[in-house]
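A.B. asks: Here it is: the structure, laid out below.
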Amino acid sequence: MTAEEGADAGSVAVRLQSEALIVDVEGYEGPLDLLLTLSRQQKVDLRRVSVLQLAEQYLRFVEAARKLRIELAADYLVMAAWLAFLKSRLLLPPDPTEEGPSGEELAAHLAFQLERLGAMREAAARLMARDRLGRDFFARGTPETVSISRRTQYTATLLDLLQAYARLRTRDDFRPYAFDRTDVYPLETALERLREMLGHSGTWADLAGFLPPGWRGAGKKRRSALASTFAASLELVKQGQAELRQSETFAPIHLRPRLKPRGAP
Amino acid sequence: MTTENDTAAATPSLFPAPPMAEQERMIEALLFASAEPMSVAELSARLPQGSDVPEALQHLRSRYSGRGVHLARVGDGWAMRTAPDLGWLMHKEQVETRRLSRAAIETLAIIAYHQPVTRAEIEEIRGVAVSRGTVDQLLELEWIRLGRRRMTPGRPVTFVVTERFLDQFGLESPRDLPGLKELREAGLLDSRPMPGTPREDDEDAPEGQVGLFEDD
Amino acid sequence: MTTENDTAAATPSLFPAPPMAEQERMIEALLFASAEPMSVAELSARLPQGSDVPEALQHLRSRYSGRGVHLARVGDGWAMRTAPDLGWLMHKEQVETRRLSRAAIETLAIIAYHQPVTRAEIEEIRGVAVSRGTVDQLLELEWIRLGRRRMTPGRPVTFVVTERFLDQFGLESPRDLPGLKELREAGLLDSRPMPGTPREDDEDAPEGQVGLFEDD
């Protein structure tokens, strides 16, 4: 241990390198990155890196930075505190009454983290060195766009037709029970109107604003129009074309066209 | 630039041109990746010196003959193009089948049984307003069309069913539509007897039927 | 739509499928026409019923082997691409790609090798917070996308690489990532918690790994 330290301190090259590290602290992607760089100075396989030596190097680095009045980000200081703790654990004989992982376990984990980060760096470099689309190999320069035509086919059978008519005629038998429907604003009409108007509205708008002229007053007509327009707005939400919001119970209901999710064509 | 190229072309190459098969590969890749057709001159400028582009193009052309893509002459240039007989593959039609809405099928049924019929009459029979969208949809499907105007105040338009409607529902003529009695017998109507008094729309129906069949 | 396709697939064809050579031509035309990879399902949907797309693809692949363009497998898709050894010819076609930051490159590699992986796991591996911009940039390039959520408290989202990523780096599947086997054997892809801090997602992590790499 002392031999290591002596060799280390004696090496002018290493000290110069540490100073270069400090000047370049901006270039490091966090304390783990810095530790990885420091561990490379040990010139050993990352699996055999001396974590104790590494901890000391790091603490020296932080100390030097402090002397040079270089502001270190908080995570560098957190790492320094953790490494100081690790160092004490590694140096002191294990206390059998103490809970938690041993210094060796913690050191092994740090070595694993460094090895893993190093391995990922290498993997990233190998990945970026691969033949790349648009640089080394190419897709067709003149793709022929596939034309897409969308066609909606409506189906109905004769049976549907007959049943519909039969239903209407059967209902006629019960006509006496029918409502007076003069002041009814049909749902289909509301849906149609809402869909069209929504196309021109980019932002949240009060649902009441979508009522057709002539139905906005008070009483039955407004109720019918409001009910149909509300039902139509629910249908549009269900179809993914609109969004609804209400700030609290009985507050006005607001509607807006649903924005396409990011990345949608 | 031009002079430099000229000099280069005049200088005998230090290296022999690649084999013809390799030249063919290069042209294949270039034409595939290029956004524009390429002329022999452009290809020659990209290929190693001493390459014989016209010959390589001939080889490539015969290699692709009868394939799904072929080497086509486009103006002064050459390009890869889909074989003309496979053009249909580049078109994609998405057919979405939807059931006709209840409002639409009811409206259609009323028009079929009562034609020529006005919108007001349809609304009276259905008991609810008929939205414009419903009628438009049926018009778009070409299952109904506009008939003669009614000679009544306001001269409202009437609707009638079309040939296409008959095709769709496998009918030879609108007269083939089963009557109420048959509907009832087929169990499509409750067996409850119809109200004894003829309704307004029953009066209209025969008139409509006359209107429909007068010209056939 | 899907149900319709399913029905179509289940219905026996009225016509026999075209000969294999013809199926091959059709796939050739379709893949030449598309700059993006097409899946077997997409190809099947475009070819006449009863076609054997996987077999036709095999024929096509061997036909193009060693040519200037070749048939490349990209995840679930297939695409025509120029041979990488001819890249030098194509300097004009090269697209200038935005240089990725070191953080972005590392994050991408971590997602590729550890997928599905959460942001917290990426941060643990890099020892530094992952900025939003980095992830956004990779999402924008469509090299990564959101995977399933982890079944752990907070249900964090995971990231996985996309088919576009595979296409970009000429990989047939994530299993072909360089050095993957060695990394796994060295235990460097294990999710190993810091001693003394039991991780919540211990149960899920191995499952995720299995999901991706189980069949090699």
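The values are calculated or read from the model by the stated rules, or taken from the named source; none is laboratory data. Computed from a predicted model, the values in this text were never measured in an experiment. Cβ atoms come from the backbone with ideal geometry, glycine included; neighbour counts cover every protein chain shown.
A.B. asks: Would you confirm whether or not the stretch C:103-117 contains a residue that is away from chain A (no Cβ under 12 Å) and at pLDDT 90 or above?
C.D. replies: Yes: one or more hits.
A.B. asks: A further question follows. Scan the stretch A:42-56 and tell me whether some residue there is of a type in the set (S, T, N, Q) and closer than 17 Å to C:Gly196 by Cβ.
C.D. replies: Checked the stretch A:42-56: no residue is of a type in the set (S, T, N, Q) and closer than 17 Å to C:Gly196 by Cβ.
A.B. asks: Another question, then. Quick check on my filter: what residues within the stretch A:173-187 are at pLDDT below 80 and in a helix (DSSP H, G or I)?
C.D. replies: Scanning the stretch A:173-187 gives A:Asp173, A:Arg175, A:Pro176, A:Tyr177.
A.B. asks: Scan the stretch B:89-101 for residues that are under 19 Å from A:Leu158 (Cα atoms) and more than 7 Å from chain A (Cβ to nearest Cβ) and jot them down.
C.D. replies: B:Ser101
A.B. asks: Among the listed residues A:Ala225, A:Ala205, identify the single one that is among the small types (Gly, Ala, Ser), surrounded by 13 or more Cβ atoms within 10 Å (Cβ to Cβ), modelled with pLDDT of 80 or more and over 11 Å from A:Arg256 (Cβ atoms).
C.D. replies: Testing whether each residue is among the small types (Gly, Ala, Ser), surrounded by 13 or more Cβ atoms within 10 Å (Cβ to Cβ), modelled with pLDDT of 80 or more and over 11 Å from A:Arg256 (Cβ atoms) leaves just A:Ala225.
A.B. asks: Being under 17 Å from A:Thr189 (Cα atoms) and part of a loop (DSSP other than H, G, I, E, B) is the filter here, so list the residues in the stretch A:215-238 that pass it.
C.D. replies: A:Trp215, A:Arg216
A.B. asks: Follow-up. Could you run through the stretch B:11-31 and say how many residues are buried (at least 18 other Cβ atoms within 10 Å of the Cβ) and more than 9 Å from every other protein chain (Cβ to nearest Cβ)?
C.D. replies: Residues in the stretch B:11-31 being buried (at least 18 other Cβ atoms within 10 Å of the Cβ) and more than 9 Å from every other protein chain (Cβ to nearest Cβ): 1 in total.
A.B. asks: A further question on this structure: Tell me, which residue of the stretch B:118-131 that is facing chain A (nearest Cβ under 7 Å) and not β-branched (Val, Ile, Thr) is nearest to A:Ala190 (Cα to Cα)?
C.D. replies: If we take residues in the stretch B:118-131 being facing chain A (nearest Cβ under 7 Å) and not β-branched (Val, Ile, Thr), then B:Ser131 is nearest to A:Ala190 (Cα to Cα).
A.B. asks: Given the condition surrounded by fewer than 19 Cβ atoms within 10 Å (Cβ to Cβ), in a loop (DSSP other than H, G, I, E, B) and not basic (Lys, Arg), answer yes or no: does some residue in the stretch C:113-120 qualify?
C.D. replies: Taking every residue of the stretch C:113-120 in turn, none turns out to be surrounded by fewer than 19 Cβ atoms within 10 Å (Cβ to Cβ), in a loop (DSSP other than H, G, I, E, B) and not basic (Lys, Arg).
A.B. asks: Let me ask another. Does B:Arg150 count as part of a loop (DSSP other than H, G, I, E, B), at positive phi and either assigned by TED's automatic domain parsing to the domain that holds B:Gly68 or among the charged types (D, E, K, R) (or both)?
C.D. replies: Against the criterion (part of a loop (DSSP other than H, G, I, E, B), at positive phi and either assigned by TED's automatic domain parsing to the domain that holds B:Gly68 or among the charged types (D, E, K, R) (or both)), B:Arg150 does not qualify.
A.B. asks: Another one. Among the β-branched types (Val, Ile, Thr), surrounded by 20 or more Cβ atoms within 10 Å (Cβ to Cβ) and at pLDDT 80 or above - does that describe any residue in the stretch B:136-156?
C.D. replies: yes
A.B. asks: Taking A:Gly118, is it closer than 30 Å to C:Arg184 by Cβ, in contact with a Leu (Cβ under 8 Å, 6 or more places away or on another chain) and either touching a residue at least 12 places away in the same chain (Cβ under 8 Å) or not acidic (Asp, Glu) (or both)?
C.D. replies: Answer is yes for this residue.
A.B. asks: What do you reckon, is B:Ser34 buried (at least 19 other Cβ atoms within 10 Å of the Cβ), touching a strand residue (DSSP E or B) at 6+ places or on another chain (Cβ under 9 Å) and within 12 Å of chain C (Cβ to nearest Cβ)?
C.D. replies: yes
A.B. asks: Only one of C:Asp52, C:Asp85, C:Asp76 is among the charged types (D, E, K, R), more than 25 Å from A:Pro31 (Cα to Cα) and touching a residue at least 60 places away in the same chain (Cβ under 8 Å); which?
C.D. replies: Just one listed residue meets the conditions, C:Asp76.
A.B. asks: Can you report the number of residues in the stretch C:124-135 which are surrounded by 19 or more Cβ atoms within 10 Å (Cβ to Cβ) and either of a type in the set (Ser, Thr, Tyr) or outside the structural domain of C:Val160 (by TED's automatic domain parsing) (or both)?
C.D. replies: Qualifying residue count, the stretch C:124-135: 1.
Let's see how each residue does on (1) away from chain C (no Cβ under 11 Å); (2) assigned to a strand (DSSP E or B); (3) among the small types (Gly, Ala, Ser):
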| residue | (1), (2), (3) |
| --- | --- |
| B:Gln58 | yes, no, no |
| B:Ser65 | yes, no, yes |
| B:Met80 | no, yes, no |
| B:Gly87 | no, no, yes |
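A.B. asks: Of all residues in the stretch A:114-127 being surrounded by 19 or more Cβ atoms within 10 Å (Cβ to Cβ) and within 8 Å of another protein chain (Cβ to nearest Cβ), which is farthest from A:Ser39 (Cα to Cα)?
C.D. replies: Restricting to residues being surrounded by 19 or more Cβ atoms within 10 Å (Cβ to Cβ) and within 8 Å of another protein chain (Cβ to nearest Cβ), the top hit is A:Leu127.
A.B. asks: Residues of the stretch B:157-186 being assigned to a helix (DSSP H, G or I) and either in contact with a helix residue (DSSP H, G or I) (Cβ under 6 Å, 6 or more places away or on another chain) or buried (at least 16 other Cβ atoms within 10 Å of the Cβ) (or both), which ones?
C.D. replies: B:Phe165, B:Leu166, B:Gln168, B:Pro174, B:Leu180, B:Leu183, B:Arg184
A.B. asks: Can you name the residue in the stretch B:40-56 that is away from chain C (no Cβ under 12 Å) and of a type in the set (Asp, Glu) and, of all such residues, is nearest to C:Ser34 (Cα to Cα)?
C.D. replies: B:Glu55
A.B. asks: Here's something else I'd like to know. Check off (1) more than 27 Å from C:Ile144 (Cα to Cα); (2) in contact with a helix residue (DSSP H, G or I) (Cβ under 8 Å, 6 or more places away or on another chain) for C:Leu71 and give me the number that stays unchecked.
C.D. replies: (1)
A.B. asks: Yes or no: A:Leu72 in contact with a helix residue (DSSP H, G or I) (Cβ under 9 Å, 6 or more places away or on another chain), over 22 Å from C:Arg192 (Cβ atoms), at pLDDT below 90 and not in a helix (DSSP H, G or I)?
C.D. replies: yes
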